[in-house]
Amino acid sequence: MEKVLVGGGLGFLGANVASKFKETGYKVDVCSRRTGVDIREYAQINNVLKELKPDIVVNCAAHVGGIAYNAKCPVAIYEDNLIIGFNLLKASVENKVLKFVNIMPNCTYPGIAQIYQEDMWWDGSMHPTVLTYGMPRKALWVQAWAYKMEHEFNSIHLVLPNLYGPRDHFDIVRSHALGALITKIVDAKLKNEQTVEIWGTGAPVREWMYVEDAAEGIVVATEKYNEIDILNLGSEKGCTIKELAEIIKDEVGWNGKFIFNTQRPDGAPRKILDVAKMKNELNWAPPTGLKEGIRKTVTWYMDSLK
């Protein structure tokens, strides 16, 4: 039985990844600050790998938030993610891990892109609203590439769209657009308020993946993919923030109106992953539709408030 260590394995994505690996038959350990391991301290994570001797290390550890949080804490986001990735990969190489799985956001793509194809990953700069989060993940790919050149170290790098689902961040500042919208709209329904403010114009197009689907895709890619070149995991379907808000509004059963605060930033205009390579390499696609996933997420969130 192969052993997997999930860095950040008690977080939103990490916990789902750990569960999916267990379901698939792996022996799974997790590490995070909640388990007493600060990956930012190299000695700590190196000792964990020496003790557990995992065959596979999955990097789900991250200091992350939405546009508002990125603007509020740029230094901490940049430094924490840079150090976390560097230490986890370096310790994996030192302890002869067989495979390192790096999870990356779609904001590592050029900010001006419309459809994100793997071969255009280097064709421009990232959008400034996500630079401090995206750059450390991109730097980690370069570090992994160097280890492959010098030591033949095996790593894969999976690019995901925005994730959502039960146990996501639902704090207005820390959450991404979908979680923030659920929080605002549910709150408006409970307080019988007639308006909800949405940042920006509502026009940006975003792709969303249900977190359990993302975890499943990561396991499938771990088993089937072995190239240093990045691989997109997604649905290739997007919707505007306004359309997303309307779906959530229907699921919550709120009858108010949206007010768009155009003084707030939109971010990149369109983020959709091309997944032709994923289908060819993995013969897999995420099974959960957006409306179904939002329904599950809204139900979980409303139950969590009771």
Response to the item:
For the chain, the longest principal axis of the Cα atoms and the Cα long axis of helix 74-94 enclose an angle in degrees, to the nearest 10, of 30 degrees
Worksheet item: What is the set of long-range amide H partners of VAL30 at a cut-off below 5 Å, with H atoms built 1.01 Å from backbone N?
Response: VAL6
Worksheet item: In percent, what relative contact order does region 160-226 have, based on Cα pairs under 8 Å that are 6 or more apart in sequence?
Response: 40 percent
Discussion item. Assuming 0.36 nm per residue, please report the length gained on full extension of the stretch ILE115 to ARG33 beyond their Cα-Cα distance.
Written reply: 25.9 nm
Worksheet item: Cα axis of helix 211-224 to longest principal axis of the chain: angle in degrees, 0 to 90, nearest 10?
Response: 30 degrees
Fill in: In Hz, Karplus ³J(HN,Hα) per residue of region 65-70 (6.51, -1.76, 1.60; θ = phi - 60°; x = Gly, Pro)
x, x, 4, 5, 5, 4
Discussion item. To make sure I understand, if each residue's beta carbon is the centre and we count other beta carbons within 10 Å, what order do ILE77, ILE115 fall in, fewest to most?
Written reply: ILE115, ILE77
Worksheet item: Given R₀ = 41 Å, FRET efficiency for TYR42-LYS224 by Cβ-Cβ distance, to 0.05?
Response: 0.85
Discussion item. Can you give me the distance in nm between label points at ASN283 and GLN263, each placed 7 Å from the Cα along the Cα-to-Cβ direction?
Written reply: 5.6 nm
Fill in: For the chain, calculated [θ]222 nm from helices alone, where every DSSP H run of n ≥ 4 adds -39500 (n - 2.57)
-14000 deg cm²/dmol
Worksheet item: In percent, how large is the relative contact order of the chain, given Cα pairs closer than 8 Å and 6 or more residues apart?
Response: 19 percent
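Roughly how big is the chain's charge dipole about its Cα centre, with Cβ charges of +1 (Lys, Arg) and -1 (Asp, Glu), in debye to the nearest 20?
Roughly 620 debye for the chain.
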Discussion item. With +1 assigned to the C-beta of every Lys and Arg and -1 to the C-beta of every Asp and Glu, and no other charges, what is the dipole magnitude of region 150-258 about the Cα centre in debye, to the nearest 20?
Written reply: 720 debye
Worksheet entry | Sum of side-chain charges, ALA268 neighbourhood, beta-carbon under 15 Å (Lys, Arg +1; Asp, Glu -1) | +1
Worksheet, complete the sentence: For VAL205, other-chain or 5+-apart residues with amide H closer than 5 Å (H placed, Pro excluded) are ARG270, LYS271
Worksheet, complete the sentence: Net charge near THR297 (other residues with Cβ under 9 Å of its Cβ; Lys, Arg +1; Asp, Glu -1) is 0
Discussion item. Can you give the FRET efficiency to the nearest 0.05 for LEU52 and ALA276, using r as the Cβ-Cβ distance and R₀ = 51 Å?
Written reply: 0.90
Discussion item. Please compute, over every Cα-Cα pair in region 34-126, the percentage with a separation greater than 16 angstrom.
Written reply: 63 percent
Worksheet item: Using alpha carbons only, how many degrees (0 to 90, rounded to 10) separate the axis of helix 42-52 from the longest principal axis of the chain?
Response: 70 degrees
Discussion item. Need one number: % antiparallel among DSSP beta bridges in the chain, to the nearest 5.
Written reply: 5 percent
Discussion item. Per residue of region 294-306, what does 6.51 cos²θ - 1.76 cosθ + 1.60 with θ = phi - 60° give for ³J(HN,Hα)? Whole Hz please, x for Gly and Pro, Karplus curve as stated.
Written reply: 5, 4, 5, 5, 4, 4, 4, 5, 5, 5, 5, 7, 6
Worksheet item: Exposure proxy check: GLU2, GLU150 ranked by fewest other beta carbons within 10 Å?
Response: GLU150, GLU2
Worksheet item: Taking neighbour counts of Cβ atoms within 10 Å as a proxy for exposure, in what order, fewest first, do ARG34, ARG295 appear?
Response: ARG34, ARG295
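Where a number appears in this text, it was derived from the coordinates with a stated rule and is not lab data. Since we're looking at a predicted model, the values are computed, not measured. Here Cβ is always computed from backbone atoms with ideal geometry, including for glycine, and neighbour counts include all displayed protein chains.
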